[in-house]
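Right, one structure below, let's go through it.
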Amino acid sequence: MPTARRFLFAVLGILILAATTQAILAVETPQKQAFVRLDRVTASRPIPTGIEIHSGSAIMQITALRDDVLRVRVGAAGQLPEDASWAVLPESRTASVQVTPENSGAAVGFKTAKLHVTIHKDPLELHVTDLAGRVILEDFPSRPIEYHGNSFRVYLKSPADEHYFGLGDKPGPLDRRNEAFTDWNTDAFGWQESTDPIYKDIPYFITLRRGVAAGVFLDNTWRTSFDFNKEYRDAYSFGSENGPLDYYILYGPEPKQVVESWAWLTGKAPLPPLWSLGFQQSRYSYYPETEVRRIANRLRSEHIPSDVLWLDIDFQVKNRPFTVDPQTFPHFEQMVQDLKAEHFKTVVITDLHIANLPNAGYKPYDEGKAGDHFVKNPDGSIYTGVVWPGPAVFPDFTHKPSREWWGTLYSDFVKQGVAGFWNDMNEPSVFLVPSKTMPDDTVHRIEEPGFITRTAPHLEIHNIFGMQQTRGTYEGLLKLDPNSRPFVMTRASYAGGHRYAVTWSGDNSATWNHLRQTTPQLLNLGLSGFAMAGADVGGFAGSPQPELLTRWLQIAAFQPIDRDHTAKGTNPQEPWENGTPEDLNIRRRYIEERYRLLPYLYTTAEEMSRTGLPIIRPLFLEFPGDAGAAAAPVDPTIDNEFLLGRDILVANSPFPDEMDSYFVSLPSIGWYDYWTGARIEAATPHKAIDNTEAPPGVQEQRNLDTLPVFVRAGAIIPEQPLVQSTDEKPQGPLTLRVYPPIGFNKDCTGSLYLDDGTSFAYKKGDFLRQEFTCRLVDKGIVVMVAKPKGTFAPWWKLLQVEVYGASKPAVEASTAPLNGSAKALQISTAYDAEHHRVIALVPDTGSGLELQLTY
């Protein structure tokens with residue numbers, strides 16, 4: 001940007017931003033329409049995969065990618081937008097099924113094996129129902145699609161009992177109803193519950209009504225917005241200031257099916273390295289080198305299980321990415337290797353702003369300049385913005401050669417043994433300007449298979465800039481070390497970015513409200529594809545009260561990423577700091593419980609990588625109600641409880657700083673107390689606040705020592721002996737915690753997945769997958785352990801089967817091999833009255849077995 005315009009931008013701020021935007025839009029869209037309204041069908045024709053209609057100058061095409069996935073594309077000037085996407089997988093975007101055309105005279109449309117699509121002609125209204133007649137989506141009367149210049153908006157009906165979820169890590173309640181949001185990736189330090197936008201742009205949400213779910217995805221990288229019942233109490237809407245009107249409809253009917261379809265459309269998160277599920281310690285910043293070693297030694301001497309140490313920007317020379325300060329880290333490579341010997345992985349930050357240092361021997365700048373890899377101003381000069389290293393330039397990540405070059409910059413760190421990388425500040429964040437980011441007219445080059453090769457303004461690229469950075473990092477690491485699973489953490493991203501990186505909720509605060517916010521944020525991130533996510537445990541901005549840090553460490557032990565992180569200038573926040581010896585004991589105990597649960601947690605992560613189902617889940621995902629769940633419906637707006645995988649329910653207080661007891665909703669399938677093993681006798685309050693029948697549950701008294709955790713009746717949970725890191729081989733038996741079914745629910749299952757935790761050998765069959773079942777019999781229970789699949793060798797030789805809910809010892813125990821050949825195995829049993837369990841220890845021959853316990 002020329003000097004004069006830069007000065008005017010700084011002085012006039014928003015006024016200049018608006019004027020610049022208008023100028024760009026006029027240049028970038030030569031077919032700009034002053035006003036276009038799709039209010040009636042003027043022509044239509046069936047096509048093999050759907051229907052094409054015209055409304056005056058506008059064209060709309062609705063096609064079926066699958067029987068349960070539709071795509072809607074609209075062009076205001078008679079031409080459909082470019083058929084390309086940064087989010088949707090090419091094989092999904094181009095998928096198709098044959099449809100059956102329908103025409104009633106007053107309406108046209110088509111039918112798939114699961115959906116009816118009807119377009120009423122006058123007025124033009126889109127209606128999508130399933131074959132049972134249940135409405136999935138329908139246009140809002142009197143508000144057809146309208147274009148005002150390049151901007152557009154779509155209005156849809158919102159029944160009073162419909163709920164909305166997703167959109168990534170937006171603050172606020174789990175349910176998006178009665179909220180409105182903007183998607184524009186923003187550096188939002190110290191965000192609050194009402195802050196919007198923040199770091200990520202995922203223009204996708206799930207609707208849920210009476211147990212029937214659907215998904216809606218607006219694939220548009222410009223600034224977009226979503227309104228749920230703000231403008232109209234009985235409508236929701238979405239739109240953008242520019243770019244394509246290209247949206248997808250994903251039908252369930254169950255929420256799980258929608259989540260799996262979202263994974264089909266935009267990809268699945270890769271299987272993470274096992275160590276990334278361990279406890280991680282960080283701050284801004286650990287330096288010098290002696291401080292990093294001190295933290296590592298203290299974690300081990302305090303016997304706090306841990307796997308990862310993070311290095312923030314102060315390990316670098318003057319905050320310059322891909323450098324190491326030789327004054328503060330004189331033995332960096334040796335330190336990384338020494339930490340590795342102590343079973344710590346090192347993760348370092350690698351921000352995307354390259355210091356603007358010509359003729360200074362700074363490799364990232366010199367190579368980037370020589371290769372023409374940096375983002376440009378409209379006059380062709382390299383754009384420069386001030387960030388941590390001072391004046392900085394930015395790689396052009398939508399330009400494939402530049403993205404590939406970025407990936408090569410990790411070579412030295414990979415050779416030195418650094419295990420993971422943190423891509424921060426990638427909204428992109430720029431200092432000293434009101435917009436906090438690049439100017440709107442900064443020029444990016446799109447050179448990417450499937451796209452028209454062209455240039456684009458920053459307004460179009462902004463929301464995918466961070467995503468494409470992480471793509472360059474992830475793909476570069478794969479090239480540098482093809483047999484190691486990359487670990488990349490990002491702050492900013494777009495839909496589909498979960499294919500390349502894990503994430504966290506950004507620069508939160510050390511407040512009780514931010515602890516409360518963590519659960520709905522992580523749940524909505526998981527529904528949006530980012531199942532591997534966490535929050536800065538204890539809060540980033542400010543210093544937590546001792547009790548707040550303790551409670552945060554408790555709940556984080558059951559969430560996907562468990563990273564304690566805080567800002568520069570705050571008090572120390574490691575588990576042994578900021579509290580009493582009793583606080584430390586509680587914090588250590590919960591981290592230890594996480595490590596015992598690693599077999600279950602890793603199995604759930606592997607399921608995520610195959611199906612897209614998140615690691616932690618809102619209750620309605622497993623118990624949607626009318627769509628076919630065995631249990632009675634649960635309140636879908638509950639946002640203080642979550643499920644870890646299918647079977648473990650964690651219930652923090654809805655207001656964790658209050659002293660009051662609180663009610664925990666428990667779906668009506670039967671539950672056990674995770675800590676005591678006792679069956680839960682759930683009671684139902686007379687009425688909920690809205691005077692409807694409330695689901696069953698229990699009243700919990702607030703207690704610092706114990707976070708309420710429950711296990712689904714009919715679950716079998718695998719656990720391991722305590723280790724101090726994921727590198728350590730567990731010593732002892734594999735434990736199977738069996739929770740017999742209760743009442744009408746007879747299902748009893750569990751599973752275990754295991755591999756080497758770091759490589760891609762599992763793709764060639766080097767894994768272990770094992771299923772467990774149980775059934776109640778007269779005066780006892782039978783537990784069946786299937787023969788494992790795969791070639792990976794287990795670490796255990798014994799199985800410890802623990803049957804919970806028992807009120808007396810087993811009087812008889814026997815085994816039978818599942819193949820019916822070998823002799824019965826020797827069993828030892830014990831009874832633990834305190835934890836309401838019968839324990840049986842039995843050799844594991846690797847061939848499967850059937851264990852019967854009689855009480």
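The values are calculated or read from the model by the stated rules, or taken from the named source; none is laboratory data. This structure is a prediction, so every number in the text was calculated from the model and none was measured. Here Cβ is always computed from backbone atoms with ideal geometry, including for glycine, and neighbour counts include all displayed protein chains.
Could you grab me the full set of residues in the range 63-85 that are acidic (Asp, Glu) and surrounded by fewer than 19 Cβ atoms within 10 Å (Cβ to Cβ)? I'd like the intermediate steps shown before the answer.
In the first step, residues of the range 63-85 are kept if they are acidic (Asp, Glu); the result is 67-68, 82-83.
Within the range 63-85, 67, 82, 83 qualify.
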>> Against the definition (surrounded by 20 or more Cβ atoms within 10 Å (Cβ to Cβ) and either in contact (Cβ under 8 Å) with a residue 12 or more places away in the chain or not assigned by TED's automatic domain parsing to the domain that holds residue 296 (or both)), how does residue 570 come out, yes or no?
In response: no
>> Looking at the range 121-134 only, could you name the residues that are in contact (Cβ under 8 Å) with a residue 60 or more places away in the chain and closer than 23 Å to residue 68 by Cβ?
In response: 126, 128, 130, 134
> Among the strands (runs of 3 or more DSSP E) contained in the range 210-273, which hold 3 or more residues that are farther than 21 Å from residue 621 by Cα and assigned by TED's automatic domain parsing to the domain that holds residue 132?
Replying inline: 224-228, 235-240, 245-251
> Does the range 521-535 hold any residues that are in contact with a Ser or Thr (Cβ under 9 Å, 6 or more places away or on another chain), in contact (Cβ under 8 Å) with a residue 40 or more places away in the chain and not in a loop (DSSP other than H, G, I, E, B), and which are they?
Replying inline: 521, 522, 525, 533
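Results for (1) over 19 Å from the mean Cα position of the chain (by Cα); (2) closer than 16 Å to residue 652 by Cβ, shown as yes or no for each residue.
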site	(1), (2)
522	no, yes
528	no, no
532	no, no
566	yes, no
574	yes, no
590	yes, yes
599	yes, no
> Going through the range 42-53 one residue at a time, which ones are of a type outside the set (A, V, I, L, M) and crowded, with 16+ Cβ neighbours inside 10 Å?
Replying inline: 44, 46, 49, 50, 52
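Can you spot a residue in the range 557-571 that is farther than 20 Å from residue 506 by Cα and part of a loop (DSSP other than H, G, I, E, B)?
For the range 557-571, residues farther than 20 Å from residue 506 by Cα and part of a loop (DSSP other than H, G, I, E, B): absent.
Of 404, 333, 367, 342, which residue is under 28 Å from the mean Cα position of the chain (by Cα) and surrounded by fewer than 21 Cβ atoms within 10 Å (Cβ to Cβ)?
404
Residues checked against (1) among the aliphatic types (A, V, I, L, M); (2) surrounded by 18 or more Cβ atoms within 10 Å (Cβ to Cβ); (3) closer than 30 Å to residue 274 by Cβ:
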| position | (1), (2), (3) |
| --- | --- |
| 420 | no, yes, yes |
| 426 | no, yes, yes |
| 432 | yes, no, no |
| 435 | no, no, no |
| 440 | no, yes, no |
| 448 | no, no, no |
| 453 | no, no, no |
| 459 | yes, yes, no |
| 462 | no, yes, no |
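Residue under question is residue 186, and the condition is that it be more than 18 Å from residue 459 (Cα to Cα), part of a loop (DSSP other than H, G, I, E, B), polar (S, T, N, Q) and not assigned by TED's automatic domain parsing to the domain that holds residue 505; does it hold?
So residue 186 does not fit the description; no.
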> Inside the range 264-290, can you point out the residues that are surrounded by fewer than 24 Cβ atoms within 10 Å (Cβ to Cβ) and among the aliphatic types (A, V, I, L, M)?
Replying inline: 271, 274
>> Residues that are surrounded by fewer than 23 Cβ atoms within 10 Å (Cβ to Cβ), polar (S, T, N, Q), more than 27 Å from the chain's Cα centre (by Cα) and not in a helix (DSSP H, G or I): does the range 380-391 have at least one?
In response: yes
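Residues 602, 590: which one is at pLDDT 95 or above, in a helix (DSSP H, G or I), closer than 19 Å to residue 703 by Cβ and of a type in the set (Phe, Trp, Tyr)?
Sole residue among the options that is at pLDDT 95 or above, in a helix (DSSP H, G or I), closer than 19 Å to residue 703 by Cβ and of a type in the set (Phe, Trp, Tyr): 590.
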> Which residue pairs have Cβ atoms closer than 6 Å, lie 6 or more positions apart in sequence or on different chains, and pair a first residue in the range 331-350 that is in the same structural domain as residue 321 (by TED's automatic domain parsing) with a second residue that is of a type in the set (Ser, Thr, Tyr)?
Replying inline: 336/346; 339/346; 343/725
> Of all residues in the range 712-738, which are in contact with a Gly (Cβ under 9 Å, 6 or more places away or on another chain), assigned to a strand (DSSP E or B) and among the aliphatic types (A, V, I, L, M)?
Replying inline: 715, 716, 717, 736, 738
>> Please go through the range 143-193 and give me each residue that is out of contact with any Pro (no Cβ under 8 Å at 6 or more places or on another chain) and of a type in the set (S, T, N, Q), ordered by number.
In response: 150, 151, 158, 178
>> Can you tell me which residue is surrounded by the most Cβ atoms within 10 Å (Cβ to Cβ) among those in the range 86-102 that are farther than 20 Å from residue 258 by Cα and touching a residue at least 24 places away in the same chain (Cβ under 8 Å)?
In response: 99
>> Let me confirm something: among 604, 580, 637, which residue is among the polar types (S, T, N, Q) and either in the same structural domain as residue 213 (by TED's automatic domain parsing) or surrounded by 22 or more Cβ atoms within 10 Å (Cβ to Cβ) (or both)?
In response: 604
> So, in the range 705-738, of the ones that are under 28 Å from residue 792 (Cα atoms), touching a strand residue (DSSP E or B) at 6+ places or on another chain (Cβ under 7 Å) and charged (D, E, K, R), which residue ends up surrounded by the fewest Cβ atoms within 10 Å (Cβ to Cβ)?
Replying inline: 719
